[in-house]
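Here is the structure we will look at.
The values are calculated or read from the model by the stated rules, or taken from the named source; none is laboratory data. For clarity, every value in this text was computed on a predicted model and none was experimentally measured. For neighbour counting, all protein chains shown are included, and Cβ atoms are generated from backbone atoms with ideal geometry for every residue, glycine included.
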Amino acid sequence: MTTAGFGSSSPEGTVAALRASVISGQRSPRDIVDRSFARAAEVRAGADGLNAILWSDVDAAHREAAALESRLDGPHAGQLAGIPIVVKDNIATAGSPTTCGSRILAGYHSPFEATAVTCLRDAGAIIVGKTNLDEFAMGSSTEFSAFGRTKHPLDPRLVPGGSSGGSAAAVAAGITPVALGSETGGSVRQPAAFCGIVGVKPTYGRVSRFGLVAFASSLDQIGVFGVTVADAATVLQTIAGRDPLDATSVEAPLPNYAEYPHTLRGVVIGKPREYFPEQLDPRIADLCERALDRCRALGATVRDVSLPHTELAIPVYYIVAPAEASSNLARFDGVRYGLRVTDDGLRGMYEATRSNGFGPEVTRRILLGTYVLSAGYYDAYYTKAMRARQLIASDFDAAFNSGVDVLFTPTTPTTAFAAGSRSDPYEMYLSDIFTVTANLAGIPALSLPIGRVDGLPVGGQLLAPHFGEQRMLGVAQLLEHSLGAEAHR
Amino acid sequence: MSVRETAESPRGADPGALGAFEMVVGLEVHVQLLTRTKAFCRCATDFGAPPNTNVCPVCLGLPGALPVLNEHVVDLALRAAIALDCEIHPVSIFARKNYFYPDLPKGYQISQYDRPLATAGRLTSDGPADAPAATVRITRVHIEEDAGKSVHDRFAGVSAIDLNRAGVPLIEIVSEPDIRSAAAAGAYLRALKQLLEYLEVSDVNMEEGSLRVDANVSARPVGASTLGTKTELKNLNSFSAVERALDAEFARQCALLAAGERVSQQTLLWDANAGAVRPARSKEESHDYRYFPEPDLPPLVVDRARIKGVREHLPELPAARKTRYREAFALGSYDADVLTADRPLGNYFEEVARAHRDPKTVANWVMGEVRAALNARRIEIDRFPVRPADVAELLDLVAGGVLSGTAAKRVFAIMAETGERAAQIAAREGLVQIRDDEALHQWIEQVIAEHEPEATRYARGERKLLGVLVGFVMKKSQGRADPRRVNQLLAERLGA
């Protein structure tokens, strides 16, 4: 007998339905949490199976569920009352480890909690686990975790994508309906596409980064996974907003993401040719075309556009992100917290700690970032990359200023690949080719399932202007409804 | 000290070589700002708190913590930059200065690099001794955070780290290489310290590290227009250390150059005990700091209204106060200089002067007795127990003839000890001046009887003996007689 997971196959498993059942007293928060743990056990979410969830504390979740019962008085119940959620392990949570999937932070407990997590708790969500990731969110397959790779829920030989692969796999496996991840270059959208769920990266500054362990500060943003667009939107609604603890968070109007028109009449969807190269898998291209047809049928106009500097995105990203990472990860030095490996003197301790504490991909990026910031190379790499980054952002501005409301592209050039199949780092980096641009430009983007190829999910990506989440989520919901079950066929 | 530890010095160099060279100095001054909380978090900045108590996730550099700029830091930095006549940049950028050190929790210091808050200022100081006023150009003023403190002598065999200071706000004030002598460097630093004190941006206390000086120094042939190779001097713990270190390093460089050798660019530490510089260990040497814009902080935007507001609320600066002292209190330049050199002392003077009618007497008293009492007790004016109103009362008693100058000094000494009021002390100690003619006559008669020869010689015309006789009367009265009245009465009695 299998436990019913949370998922689109069961409408009663959506955030809205679960919340309603909790508020009406039909189900207790504890029931829901237990259902989540039961599902996790069934799919073997831990190290003996999917390895999606690194840490979970059943007792703490039960205590939170009990505490929540006293707060369920009707209209004052939070937007996420009783909703179980998992959080990527590079986001600080009180009462459980925050390791970033790294040996250097093994056993580390943060004395404070991320603002986004506090928002979730305030809204009534119950955190049931911390999820696996590529070490410090550096990777596209969740193979680079110090605690072992996460497996794809549909086929354990495949990767779930990354770096937020643990959160994506947990939602895809029905353990929770929603999850938090983080994005620096596509780390929510790419695994969402691989796992056949929805992943949203908000505008840079929309969600507080306080408590998100920094990888590349100018690109990082907490993102949301959901089985449905509406579920992801509800979670985003609760964590969005200016935070006095994050100077880069922005004071911007926060529209109700649940409100959207029921037609796409008048909406112009741009189809950027650089995201549909000749060598793109024709089956993925066809699924995109099908999705665009649905949009047309809903009243949208689809227009070909060009984002001419797209080809610069991967090189720019792999200068800017490692540069910031080399500085952000300097604090892991063995002096105050985390791993310390003693060796000869201070320098010896630094070298031994960091050599032992960081895995190969993190080491590679720290070295790359240190190099591009070095005297004599700074202008050739960093300065030039910052100029190119501006060009990429200008491409989007130009497209949106020309009357395009949202852009539609494939999320990834391929479906989920086999673990161990991308041993060349550059080949791995190319799996983010369609997603890094949104991080470089700071614009919101999402991925939603638009069909399958060889039984594996394919994601379609929507991109919108800064703080254009409401329109983007609205288009996504209409498309999601229109595709219906076809999105998973 | 062994030769190996000193920076290289040529043997047998000609000490007379100094005259052929000119000293060129630029100074980098770090000033701790007088904010209640740190630059990027809300931890307190108090000096002397138990180690690692004024800390939080932000200044500890814990994973996930983010800096948020304390706006008071900007106001104080602006105040200093405006008073230094700088150009204020409407947009400046925070940058990360990356290096590894155990007292630097994040592995980088938040500073400003290629786009500082302010550039192109100037500071004019009264030159050394009789030299004319000198103007030193200011290259830049920028905001940064302090590192923590490594403590190497507290626990045997290990170093300890106190992060109370980590994240405390600083401004760095960099001068152009416009300084030409050690004395001029001292004058610049004193003027800067005085200015910052007046601005109330820092408590400018070198002992507590709220003002720190690094010096860049080079030597070049007199008349040359290009700069020689510079060395950077660190560990300068006082203004006099700066001056001594500059002279010592200049002499070392001159000797090298005179011997046909080259000065190598390096960081040197001043060893005050040895009176010499020694090369810094490699950790104090220059790094590749890999500066890049701090992505956690938006650009610092300072609009015109804010600059205007700071400018309009600048406190009175030393030059303006000097002028006011000369005009409002009719003081000479010397008095005005002394009383404005130390702002709290000047404030004290003003309070006394408001309560007593003769500012010149007040000035003399504050510069003389008050300063002497402070020096004797090694305290600052803010901890002096005698209130300005009490000094004014004492001076009123002297002016009214109630106390002699001598008695007033004795009274003041007790006031400084106990904080009591002058009239009370004078009465208890029997120091009130005796001006009762009857009592004075009695003493005069006794003195004439006891010193008949002097009295006779005076009467015969040896006028200068009057002072001697007055002295005898004063002695007999134990200093309490009013000397002016004694003078008059004696002269009348002996027929002047």
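Here are some notes:
- For the range B:17-51, a residue qualifies if it is in contact with a Gly (Cβ under 6 Å, 6 or more places away or on another chain) and small (Gly, Ala, Ser), and exactly one does: B:Ala39.
- Here A:Arg39, A:Arg44, A:Arg19 are screened, and the one residue that is under 24 Å from the mean Cα position of the chain (by Cα), within 30 Å of A:Met138 (Cα to Cα) and part of a helix (DSSP H, G or I) is A:Arg39.
- Here A:Glu427 fulfils each of the conditions (1) in contact with a helix residue (DSSP H, G or I) (Cβ under 9 Å, 6 or more places away or on another chain); (2) at pLDDT below 95 apart from (1).
- Selection status of A:Gly196, within 17 Å of A:Met472 (Cβ to Cβ) and either at pLDDT 95 or above or surrounded by 24 or more Cβ atoms within 10 Å (Cβ to Cβ) (or both): no
- Here A:Leu312 meets the list (1) within 14 Å of another protein chain (Cβ to nearest Cβ); (2) touching a residue at least 40 places away in the same chain (Cβ under 8 Å); (3) among the aliphatic types (A, V, I, L, M); (4) part of a helix (DSSP H, G or I) almost entirely, failing just condition (1).
- Filtered residues of the range A:332-350 (kept if at negative phi and at the interface with another protein chain (Cβ under 10 Å from one of its Cβ atoms)): A:Phe332, A:Asp333, A:Val335, A:Arg336, A:Tyr337, A:Leu346, A:Arg347, A:Met349, A:Tyr350
- Whichever residue in the range A:245-286 is more than 30 Å from A:Val213 (Cα to Cα) and of a type in the set (Gly, Ala, Ser) and, among such residues, is surrounded by the fewest Cβ atoms within 10 Å (Cβ to Cβ): A:Gly266
- Selected residue (criterion: nearest to A:Ile443 (Cα to Cα)) from residues of the range A:356-396 that are without any contact (Cβ under 8 Å) to a residue 12 or more places away in the chain, at the interface with chain B (Cβ under 10 Å from one of its Cβ atoms) and assigned to a helix (DSSP H, G or I): A:Thr383
- Residue count, the range B:214-243 (criterion: touching an Asp or Glu at 6+ places or on another chain (Cβ under 8 Å) and either part of a helix (DSSP H, G or I) or of a type in the set (Asp, Glu) (or both)): 2
- Criterion: assigned to a strand (DSSP E or B) and out of contact with any Pro (no Cβ under 9 Å at 6 or more places or on another chain) - qualifying residue of B:Val151, B:Val136: B:Val136
- Set side by side, the residues B:Leu345, B:Leu395 differ, and just one is under 21 Å from B:Gln194 (Cα atoms) and either assigned to a helix (DSSP H, G or I) or of a type outside the set (A, V, I, L, M) (or both), which is B:Leu345.
- Residue match in the range A:322-331 (condition: within 14 Å of chain B (Cβ to nearest Cβ), part of a loop (DSSP other than H, G, I, E, B) and over 16 Å from A:Val406 (Cα atoms)): no
- If you go through the range B:209-240 and keep only what is among the small types (Gly, Ala, Ser) and touching a Phe, Trp or Tyr at 6+ places or on another chain (Cβ under 6 Å), you end up with just B:Ala219.
- The set of residues from the range A:91-103 being away from chain B (no Cβ under 12 Å) and modelled with pLDDT of 95 or more comprises A:Gly101, A:Arg103.
- Criterion (under 25 Å from A:Ser218 (Cα atoms) and acidic (Asp, Glu)) met by exactly one of B:Asp126, B:Asp146, B:Asp153, B:Asp162: B:Asp146
- Checking B:Pro299 against (1) in contact (Cβ under 8 Å) with a residue 24 or more places away in the chain; (2) surrounded by fewer than 16 Cβ atoms within 10 Å (Cβ to Cβ); (3) under 30 Å from B:Pro116 (Cα atoms); (4) away from chain A (no Cβ under 14 Å), the condition it does not meet: (4)
- Single residue of the range A:104-152 satisfying the filter (more than 14 Å from every other protein chain (Cβ to nearest Cβ) and closer than 18 Å to B:Pro63 by Cα) that is surrounded by the most Cβ atoms within 10 Å (Cβ to Cβ): A:Asn132
- Considering residues of the range A:320-341 that are of a type in the set (Gly, Ala, Ser) and in contact with a helix residue (DSSP H, G or I) (Cβ under 6 Å, 6 or more places away or on another chain) only, the residue farthest from B:Ser159 (Cα to Cα): A:Ala323
- Here B:Ala407, B:Ala413 are screened, and the one residue that is at pLDDT below 80 and in a helix (DSSP H, G or I) is B:Ala407.
- The single condition among (1) under 14 Å from the mean Cα position of the chain (by Cα); (2) closer than 30 Å to A:Ala247 by Cα; (3) β-branched (Val, Ile, Thr) that A:Ile126 does not meet is (1).
- The number of residues in the range A:146-162 that are assigned to a loop (DSSP other than H, G, I, E, B) and either over 16 Å from the mean Cα position of the chain (by Cα) or of a type in the set (A, V, I, L, M, F, W, C) (or both) comes to 10.
- Residues in the range A:292-307 that are surrounded by 15 or more Cβ atoms within 10 Å (Cβ to Cβ) and touching a helix residue (DSSP H, G or I) at 6+ places or on another chain (Cβ under 8 Å): A:Arg294, A:Cys295, A:Leu298, A:Ala300, A:Val302, A:Val305, A:Leu307.
- Taking each residue of the range A:335-354 that is at pLDDT below 90 and looking for partners that are outside any loop (DSSP other than H, G, I, E, B) and not basic (Lys, Arg) with beta-carbon atoms closer than 9 Å, six or more apart or interchain, yields A:Asp343/A:Met349; A:Asp343/A:Tyr350; A:Asp343/A:Glu351; A:Asp343/A:Ala352; A:Asp343/A:Thr353; A:Asp344/A:Ala352; A:Leu346/B:Ser159.
- Test: residue in the range B:437-444 that is closer than 30 Å to B:Phe349 by Cβ, touching a helix residue (DSSP H, G or I) at 6+ places or on another chain (Cβ under 8 Å), in contact (Cβ under 8 Å) with a residue 40 or more places away in the chain and not assigned by TED's automatic domain parsing to the domain that holds B:Arg378: no
- Residue identified as small (Gly, Ala, Ser), within 31 Å of the chain's Cα centre (by Cα) and more than 9 Å from chain A (Cβ to nearest Cβ) among B:Ala95, B:Ala80: B:Ala80
- Remark: B:His287 matches the filter, which requires a residue to be within 14 Å of chain A (Cβ to nearest Cβ) and out of contact with any strand residue (DSSP E or B) (no Cβ under 7 Å at 6 or more places or on another chain).
- Taking the conditions (1) over 28 Å from B:Leu339 (Cα atoms); (2) outside any loop (DSSP other than H, G, I, E, B) in turn, B:Ala191 satisfies each one other than (1).
- Any hit, the range A:64-71, residues being out of contact with any Pro (no Cβ under 6 Å at 6 or more places or on another chain) and either within 14 Å of chain B (Cβ to nearest Cβ) or assigned to a loop (DSSP other than H, G, I, E, B) (or both): yes
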